[in-house]
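Note sheet for the following structure.
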Amino acid sequence: MTGRTTLLAASARWTPAGGLLGLLSTLPAGVLARLAVTRPKTFAAPDRALWLRRLQSGHVGGYGAWVLVGATVLGALTLPGLLGG
């Protein structure tokens, strides 16, 4: 061993498989979004989940708070892996 490392360069271009997977994932998302807008009762939260809806006020600060909570939870979950534990 000489102690040298080899770096591999990744290609940054579209492949047919990547484009197809992108379309295959976008199509169902669009269909679900259209159904949620045109038939909202179909996707309404069940009664047992209404307490979750009350946690969100709809104000911009509420969205910011939830983003912060989510980032904190993800950070706490990944911290042991980053520390090597």
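The values are calculated or read from the model by the stated rules, or taken from the named source; none is laboratory data. Small disclaimer: the values here were computed from a predicted structure and weren't measured. For neighbour counting, all protein chains shown are included, and Cβ atoms are generated from backbone atoms with ideal geometry for every residue, glycine included. Note: areas computed on protein heavy atoms with side chains; ligands, DNA, RNA excluded. Shrake-Rupley method; radii C 1.70, N 1.55, O 1.52, S 1.80 Å.
Remarks
- Matching option when the condition is over 21 Å from the mean Cα position of the chain (by Cα), at pLDDT 85 or above and β-branched (Val, Ile, Thr), among Thr5, Thr15: Thr15
- Residues considered: Arg4, Arg39, Arg34, Arg48. Of these, the only one that is out of contact with any Asp or Glu (no Cβ under 7 Å at 6 or more places or on another chain), among the basic types (Lys, Arg) and under 25 Å from Trp66 (Cβ atoms) is Arg48.
- Scope the stretch 74-85; condition open to solvent by less than 80 Å² (accessible area, probe 1.4 Å) and outside any loop (DSSP other than H, G, I, E, B); matching residues: Gly75, Ala76, Thr78, Pro80, Gly81
- Reported count of residues in the stretch 32-61, each being among the hydrophobic types (A, V, I, L, M, F, W, C) and open to solvent by 80 Å² or more (accessible area, probe 1.4 Å), is 7.
- Hey, Ala71 surrounded by 10 or more Cβ atoms within 10 Å (Cβ to Cβ), on the phi < 0 side of the Ramachandran plot and either outside any helix (DSSP H, G or I) or touching a residue at least 40 places away in the same chain (Cβ under 8 Å) (or both) or not: no
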